[in-house]
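Chemist: Starting off with a structure, shown below.
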Amino acid sequence: MARKNYSFPDRETERQHFTSEKSLGNPAACIYLGNGQTLSTDQMLAIARQHKGFVSEVIYCSESSSADYKLIYYSSECEVDFCGHGTIACMYSLIKSIAELMEKSELVIETNNKGNLIVYNRISEQDAVFITAPEPKHIGTDLPSEIIAQNLKLRSEQICNQYPIDIIDAGLRTLIVPLTALKDEVNVYPHEQQLKNFCLDHDIDIILIFTKEVQSTQNIAHTRVFAPRFGYLEDPATGSGNSAFGYYMIKNKLWDGTGTSIEQGNTGMEFNIVKLITLDGKILFGGRATERIIGKYLI
């Protein structure tokens, strides 16, 4: 594959993708299958259920006939179309551990439901890998703000009418809801089952709320992401949701596509930092992973 000319944000900021110096990031479990090994859908779901409460998703990485590797994603509830933080964790750890892969500037991954995506290896230069987000689908919505507010346990006036409510799929079908004030946004605590029912009723994968008011002016916005459909209320750092939000910002002229950062999280925690940039009109998100537990999984 020919190498393209492009530039990413500087090394120092990119080291902190999905985590700031004191935050915990977003845990994922990566299971690497080799030598033609396969797992059934029942086995993959069972393993993901065993990890409930420890990680948000489990990523299964195997050989591919059309790409370098194939990735399949599962939460404790079901198969997930795409998992951004899990892709970062899986590919960063895999590339860094194999000398042959470290020599490659680009790899292609096959995903089960979102086609083939490019992985840009910048571990040597920036201690990071960058992933092309899936092709966006601008779905739109006419859901009333009053109904959305009710299911998020918000007052209607806390939703900002300066920006539209929208649904964009850049890996996961994401309902994007603007809020007026940071103090309101970081203190939203919806009821998990009620919000899950709302998402299922309206074919929504995740809900991203945001405000342009930020804790640090180095960041362009503050977001939070709710994912009760997948067996947990909130995702602490989200590749697919913030990629959808990136396309939302471009659509509404809130961002010009140059390297930027988003802070994510609720009150009482050290906010995670998510980095975005565009290349050839596509959004890329990138970062690094820290291996906490390494071993063999026996079935």
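Chemist: Go through the residues of the range 81-94 one by one and say whether even a single one is of a type outside the set (D, E, K, R) and in contact with a His (Cβ under 9 Å, 6 or more places away or on another chain).
Modeler: So far as the range 81-94 goes, yes, one or more of its residues are of a type outside the set (D, E, K, R) and in contact with a His (Cβ under 9 Å, 6 or more places away or on another chain).
Chemist: Please go through the range 122-174 and pick out each residue that is open to solvent by 10 Å² or more (accessible area, probe 1.4 Å) and polar (S, T, N, Q).
Modeler: Listed by number, the residues that qualify are 124, 126, 132, 141, 145, 150, 151, 156, 158, 161, 162.
Chemist: Which of (1) closer than 24 Å to residue 165 by Cβ; (2) open to solvent by 20 Å² or more (accessible area, probe 1.4 Å); (3) among the aromatic types (Phe, Trp, Tyr) does residue 248 not meet, given it meets every other one?
Modeler: Just one mismatch for residue 248, condition (2).
Chemist: OK, next. Mind checking whether some residue in the range 100-115 is open to solvent by 30 Å² or more (accessible area, probe 1.4 Å) and touching a Pro at 6+ places or on another chain (Cβ under 8 Å)?
Modeler: yes
Chemist: When the range 59-95 is examined, which residues are found to be open to solvent by 10 Å² or more (accessible area, probe 1.4 Å), more than 30 Å from residue 192 (Cβ to Cβ) and touching a Lys or Arg at 6+ places or on another chain (Cβ under 9 Å)?
Modeler: Selection gives 62, 63, 64, 68.
Chemist: Just checking, how many residues over the range 200-226 are buried (at least 21 other Cβ atoms within 10 Å of the Cβ) and not aliphatic (A, V, I, L, M)?
Modeler: The qualifying residues number 7.
Chemist: Between 115, 84, which is in contact (Cβ under 8 Å) with a residue 24 or more places away in the chain and within 22 Å of residue 206 (Cβ to Cβ)?
Modeler: 84
Chemist: Any idea which of 192, 185 is in contact (Cβ under 8 Å) with a residue 24 or more places away in the chain, in contact with a helix residue (DSSP H, G or I) (Cβ under 7 Å, 6 or more places away or on another chain) and either under 12 Å from residue 222 (Cβ atoms) or among the charged types (D, E, K, R) (or both)?
Modeler: 192
Chemist: Also: Do the conditions hold for residue 7, that is, is it open to solvent by 50 Å² or more (accessible area, probe 1.4 Å) and at pLDDT 90 or above?
Modeler: Answer is no for this residue.
Chemist: Inside the range 99-170, counting only strands (runs of 3 or more DSSP E) that do not spill past its ends, which hold 3 or more residues that are under 15 Å from residue 243 (Cβ atoms)?
Modeler: It comes to 115-122, 128-132, 166-169.
Chemist: Something else now. Go through the residues of the range 271-278 one by one and say whether even a single one is under 14 Å from the mean Cα position of the chain (by Cα), charged (D, E, K, R) and under 17 Å from residue 217 (Cα atoms).
Modeler: Taking every residue of the range 271-278 in turn, at least one turns out to be under 14 Å from the mean Cα position of the chain (by Cα), charged (D, E, K, R) and under 17 Å from residue 217 (Cα atoms).
Chemist: Here's something else I'd like to know. Provide a single number: the residues in the range 35-91 that are among the acidic types (Asp, Glu), in contact with a helix residue (DSSP H, G or I) (Cβ under 7 Å, 6 or more places away or on another chain) and assigned to a helix (DSSP H, G or I).
Modeler: 0
The values are calculated or read from the model by the stated rules, or taken from the named source; none is laboratory data. Treat the numbers as computed from the prediction; the structure is a model and nothing was measured. Quick reminder, even Gly has a Cβ in these numbers, built from the backbone with ideal geometry, and neighbours come from all protein chains shown. Surface areas here come from the heavy atoms of the whole protein model, side chains and all, with no ligands, DNA or RNA. Shrake-Rupley method; radii C 1.70, N 1.55, O 1.52, S 1.80 Å.
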